[in-house]
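What follows is a single structure, written as structure tokens, with notes after it.
The values are calculated or read from the model by the stated rules, or taken from the named source; none is laboratory data. The structure presented is a predicted model; accordingly, all values stated were derived computationally and were not measured. Note: ideal-geometry Cβ built from the backbone for every residue, glycine included; neighbour counts use all protein chains shown. In case anyone asks, the SASA skips ligands and DNA or RNA and just uses the protein heavy atoms, side chains included. Shrake-Rupley method; radii C 1.70, N 1.55, O 1.52, S 1.80 Å.
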Amino acid sequence: MAGGPLLPAATAPFSSVLTVASIRVGVDVGGTDAVAVVVDAGGRELGRARAAGAVASPTSVDAAAAAVERAVTEALAAAGQAGPADAIWAGVAGAGTEAVRAALEATLVDRGIARRLRVGTDVEAAFESAFGAGPGLLLIAGTGSVAMARDRSGQLWRVGGWGRMLGDEGGGYWLAMQALGALARAEDGRAQRTALRDAVLVRLGLDTPRDLVDWVERATKADVAALAPVVLAQAEQGDPVAASIVTDGAAALRSHVIALLDAMERDEGVSDSLVLALFGGLIGDGGPLRTTLERTLAPLGLRLHPGPLDPTLGATELAARL
């Protein structure tokens, strides 16, 4: 099988001292939402809260730190608990490098929200929710896209997650940008006309396709990704251009899984024992790309995780190991 860029997944070392946290908090932070859940030593949920999210970056972790703090503070209040928490594990979008993790951890330690604290990625939290310490494959597609696997020897692998400039194929931002490009080419007469033209203009309240030039320069990644449902809706209604984009997106996501299988050196005939979890706004339970993706993945012979996943609870399990 042909694979894409493939790197062993980065992992942050856990504390060498294992303690049992009486009150621990798991946090899942994305660009839109930050969700925190408080559990007791037995894993019983005591409180949960949702706040505005943020993405960490190499240039700034302040917004992500503020998002974590807001969600944790509100979740502790919902649980009737006063801070600081005994242990917090926060999965944060954008915290995929050790430098960003370290900077975000240092900022959160300064804010005094926990006695023990570790930052990882939202992907790690979702994987923990699906498989714990066991083997499995996880594919995520929301605004962006990324896949992660653990083989039976414990080796971790990661594919994708390169960001909007280098990758994220099959994610919401990618689908929307493919649609905007197709729309522009159609307007010039360089490509097939598409119902995406009017659908996008109506969604954005714009008068002409030329207005998209200014709009896309000002738009955030989330603004652009919010057009993905328009693409999926037009594909469902039979627009061939939109349908082609959706098909290409599903194929791109499938290539993530194939690269993971290659990395795990899968033998023929053992696919029935492998489980694939699908997560994210596009492909999770009820996601608009879920059915198309399942058809695309069917020839691989993988069993699907029964779901649903809860990354915040996965993060509480990681917090317990601190």
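Taking square-rooted eigenvalues a ≥ b ≥ c of the alpha carbon gyration tensor, is the chain rounded, prolate or oblate, where a/c under 1.5 means rounded and, failing that, a/b exceeding b/c means prolate? Oblate. Give me the net charge of Ala228's neighbourhood, meaning all other residues with Cβ under 15 Å from the Cβ of Ala228; Lys, Arg count +1, Asp, Glu -1. Here the count lands on -2.
So what's the back-of-envelope 222 nm ellipticity for the chain, counting only DSSP H runs of four-plus at -39500 (n - 2.57) apiece and dividing by all residues, rounded to 500?
Details: 11 runs with 131 residues, N = 322.
After summing the helix terms and dividing by the residues of the chain, the value is -12500 deg cm²/dmol.
Scanning the chain for helices, which whole DSSP H stretches are 15 Å or more long along the axis (Cα) and average -0.5 or more by Kyte-Doolittle? Within the chain the helices that satisfy the rule are 62-78, 98-111, 172-188, 240-263.
Taking the centroid of alpha carbons for each part, segment 154-222 and segment 274-322 are 25 Å apart.
Report the label-to-label distance for Thr291 and Arg190 in nanometres (one decimal), using points 7 Å from each Cα along the Cα→Cβ vector. Inter-label distance under the simple model: 3.5 nm. With all protein chains in place and ligands, DNA and RNA left out, the 1.4 Å accessible area ranks Arg185, Arg24, Arg152, Arg290 as Arg152, Arg185, Arg290, Arg24, largest first.
Here's how it looks for Leu304: its modeled amide H is under 5 Å from those of Leu276, which are all 5 or more places away or on a different chain. Projected label points at Leu201 and Ala233, each 7 Å from Cα along the beta carbon direction, are separated by 1.6 nanometres. Once you reduce segment 57-108 and segment 120-134 to the center of their Cα atoms, the two points are 17 Å from each other. By the Cα gyration tensor, segment 74-134 has an equivalent ellipsoid whose semi-axes, rounded to whole angstrom, run 21, 17, 9 from largest to smallest. Rolling a 1.4 Å probe over the heavy atoms of the protein chains gives the chain an accessible area of 45 Å² per residue.
In segment 157-178, which residues have a backbone nitrogen under 11 Å from the label point lying 7 Å from Asp248's Cα in the Cα-to-Cβ direction? Residues 170, 175-178 fall inside that zone. Gaussian network model of the chain, Cα springs within a sub-10 Å range: biggest mean-square fluctuation belongs to which of Val29, Val146, Val109? Evaluated over the chain, the most mobile residue of the options is Val109.
Counting only other residues whose beta carbon sits under 15 Å from that of Pro209, what net charge do I get with K and R as +1, D and E as -1?
Once all neighbours under 15 Å are counted, the net charge is -1.
Each DSSP beta bridge with both residues in the chain is either parallel or antiparallel, and the antiparallel ones are about 60%.
For the chain, carbon and sulfur atoms together expose 52% of the accessible surface, with a 1.4 angstrom probe and every protein chain in place.
Using heavy atoms of the protein chains and a probe of 1.4 Å, the accessible area assigned to Met264 is about 30 Å². Computed extension length for Thr59-Ala82: 5.1 nm, one decimal, from 0.36 nm per residue of separation with the Cα-Cα distance subtracted. Label separation (Thr97 vs Leu300): 2.8 nm, computed from points 7 Å beyond Cα along the C-beta direction.
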